[in-house]
1. Per residue, how big is the convex hull around the C-alpha atoms of region A:4-91? Give it to me in cubic angstrom, could you?
2. Compute the separation of the alpha-carbon centres of region B:229-284 and region B:21-52 and state it in Å as a whole number.
3. Using only alpha carbon positions, build the gyration tensor of region B:237-289, then give the equivalent ellipsoid semi-axes as the square roots of 5 times its eigenvalues, largest first, whole angstrom.
4. Using the per-residue mean of other Cβ atoms lying within 10 Å as a proxy for protection, in what order, highest first, do the peptides B:142-154, B:282-294, B:251-263 fall?
5. Round to the nearest 10 and report in Å² the accessible area of B:Ile202, as given by a 1.4 Å probe over the protein chains' heavy atoms.
6. What do you reckon, how do B:Ile205, B:Ile197, B:Ile34 stack up by accessible area (1.4 Å probe), largest on top?
7. Here are some pairs, A:Lys18/B:Lys248; B:Lys53/B:Lys119; A:Lys31/A:Lys76; A:Lys18/A:Lys76; B:Lys29/B:Lys248; which of them have Cα atoms lying more than 20 Å apart in this structure?
8. On alpha-carbon atoms, Rg over Rh for region B:76-233 using Kirkwood Rh?
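The values are calculated or read from the model by the stated rules, or taken from the named source; none is laboratory data. What you are looking at is a predicted structure, and each value in this text was computed from that prediction instead of being measured. All Cβ positions, even for glycine, are placed from backbone atoms using ideal geometry, and neighbour counts span all protein chains on display. Note: areas computed on protein heavy atoms with side chains; ligands, DNA, RNA excluded. Shrake-Rupley method; radii C 1.70, N 1.55, O 1.52, S 1.80 Å.
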Amino acid sequence: MNTITLTLLTIIAEALLKDRLLHEVRRAGAKGFTVTDVSGEGSRQRRVSEILGDNIKIEIIAKRETADNILVVLQKDYFPRYAVVAFMSEVQVVREDKYV
Amino acid sequence: MTLFQMFQANICSPMVLAFAFGIVCRLIKSELAIPRDLYTSLSIYLLFALGLKGGVELSHSEWKQLLMPAIATIGLGCITPVSSYLSLRYLGRFSIADAAGIAAHYGSVSAVTFIAAEKFVFANLGEGSVSPFMPTLLTLLEIPGIQIALAIGVIGLAKSKRIRDNASGISTQDASSPSLGAVWHELLTARSMVLLIGGMTIGCIIGYDGFASVKPFFDKGDWMFKGALTLFLLEMGLVAGSRLADLKHAGAFLIAFGITAPIAHGALGVYLGSLAGLDAGSCTVLGAMAASASYIAAPPAVRMTLPEANPTFYLTAALAITFPFNLLVGIPLYFRMALAMVGHDSP
């Protein structure tokens, strides 16, 4: 099967940032995303608050350039102020036109 | 009834005991947890029922009677965030963001404290002893306090950043904040606001006749509402109990603030209520509203706008200190204040 390599960007963040982060994702040119409710703990071994809701995981498959653009925004506007982590990996996909 | 007897009767109510039971469950490290969806369902039911019943009563009220109490309520919404901020910032030496974040919670209102105060008044003075338009005042008090405290925080942080930049000669790039419009949208469309206003509008439209068909399910005096409230308070006890460990991070000043601020704001609420012509029952509820700290509308708004504020401080103060204080001691105290200022039979 003919596959192509794209970038999977995973963002885990406070649930209340969902709308703002999805806005950034769309603005960077991503064609789609998947959002899941998740829970866990970070490097500080504590959640921001159970009252403020659980965490969300946003997964985006896109070109490396698009993923980089989203990371730049996260680095500048979100990492210093909110509980957010993000990481990238390479994935093999078919139907490239669905993602880019 | 003496104040002590009133405390005793209050503590033995199912709601307060359920709250205490929740705290005990956390202290003994029980795995008991109310599913998040049930908590959300209960809060939707309670807020909608509150709005609906308030709207039904409002449809039969004189709008002129509402004017002075509404002005008093908006006045409270402007005073309490400022007084909270000033005491936290200058007496407690909290950072600008922390002081503003906590002030936003104390400037807003807790709907469950409102309901508990109403139940307490009904138990002591009888059903109907609180003005029907009180839920309207609850919605009026929900937003201004949060907005004023957030504005103080955002302006204060911008000012201190300017001073820092001038001193260092380097202009640091600021991280983007949500626009004012986004914060307003967040507040106006918050679950509590939408349910209260939506319920009230529907209640106003349907009146007593329309309400009769859903009364057994939504009526505040009925078993369904009281049962849901008791279960909700069990969850509040669990949440408050899980935050007790954070009291040591909160510090002595915040603990003292979490008790003295509600007393001062409660007394002011009762006083302004009496000036606005409210009866003793309504003054008690207005006092409890002013004394309470929000934990539904305020936390997300503060987290969005002032992420520099430490959630441990504002959530611990609102949930683990002020909420139980009001439930156990505050409400009977505001009731006594109201009786002293207005008297039982006065209008």
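1. Numbers: hull volume 7.9 nm³, N = 88.
Expressed per residue, the convex hull around the Cα atoms of region A:4-91 is 90 Å³.
2. 18
3. Values: eigenvalues 185, 35, 4 Å².
Working from the Cα gyration tensor, I get semi-axes of 30, 13, 5 Å.
4. On the way: B:142-154: 23.6, B:282-294: 31.7, B:251-263: 18.4.
Sorting B:142-154, B:282-294, B:251-263 by mean packing, highest first, produces B:282-294, B:142-154, B:251-263.
5. 70
6. Numbers: B:Ile205 135, B:Ile197 80, B:Ile34 25 Å².
From most exposed to least exposed: B:Ile205, B:Ile197, B:Ile34.
7. Details: A:Lys18/B:Lys248 32 Å; B:Lys53/B:Lys119 14 Å; A:Lys31/A:Lys76 22 Å; A:Lys18/A:Lys76 17 Å; B:Lys29/B:Lys248 18 Å.
Violating the 20 Å Cα-Cα cut-off are A:Lys18/B:Lys248; A:Lys31/A:Lys76.
8. Values: Rg = 20.7 Å, Rh = 18.6 Å.
That ratio is 1.11, to two decimals.
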